[in-house]
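Nothing in this text is a laboratory measurement; each read-out follows from the coordinates by a stated rule. Remember, it's a predicted structure, so these values are computed and weren't measured experimentally. Note that each Cβ is placed from the backbone with ideal geometry, even for glycine, and that neighbours are counted across all protein chains shown.
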Amino acid sequence: MSDKLKEIISTQNEQQNTDLSQLDDVVQLVGFVIGEEEYAVPILAIQEIIKPFSWTRVPQVPGYVLGVFNLRGSVIPLIDLRLKFGLQEKKQSDDTRFIVMRHGDDVAGFVIDRLTMAIRLRKTDVGPPPDTVNGDDTIIEGVGKQADKIITILKVNKLLERDF
């Protein structure tokens, strides 16, 4: 487990002010920024959060698939979420991270602009996807309401679907 992921889990544990009977009412997420928007995925779907390093380009894949990288003997596809979401390419900065997500046997790395924080939301603060998205085919799991902001919660299984 990466140091950054351990830090997020540690921070989340410190913020935990609920007793065990209330844990079922809480959704635990990791937040990140792509462009100007904040997104989140369930914390248990994250295998690692790492600083960017070199990868190998692969021919004849969609433009948002940057290539593959080797993570302790496993070859993992690397997907730029900016490009997948239709945003312009951006040069990587000190804040850029690779998030390795897993759902069952599917695993991929995703380039994000910036990691935000561990997020704990009550299930009552998570609403359905907006009416503007296409039902079951959307990558949006729901919309979380936190203080003065809205966080789009993504479906990890949809992010990991291979269309290449």
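Go through Leu81, Leu71, Leu87 for me and flag whichever is under 13 Å from the mean Cα position of the chain (by Cα) and surrounded by 11 or more Cβ atoms within 10 Å (Cβ to Cβ). Spell out how you get there, then give the answer.
On the way: Leu71 fails: under 13 Å from the mean Cα position of the chain (by Cα); Leu87 fails: under 13 Å from the mean Cα position of the chain (by Cα).
When all the criteria are applied, what remains is Leu81.
Among the residues of segment 50-94, how many are closer than 14 Å to Leu159 by Cβ and either part of a strand (DSSP E or B) or touching a Leu at 6+ places or on another chain (Cβ under 7 Å) (or both)?
Result for segment 50-94: 7.
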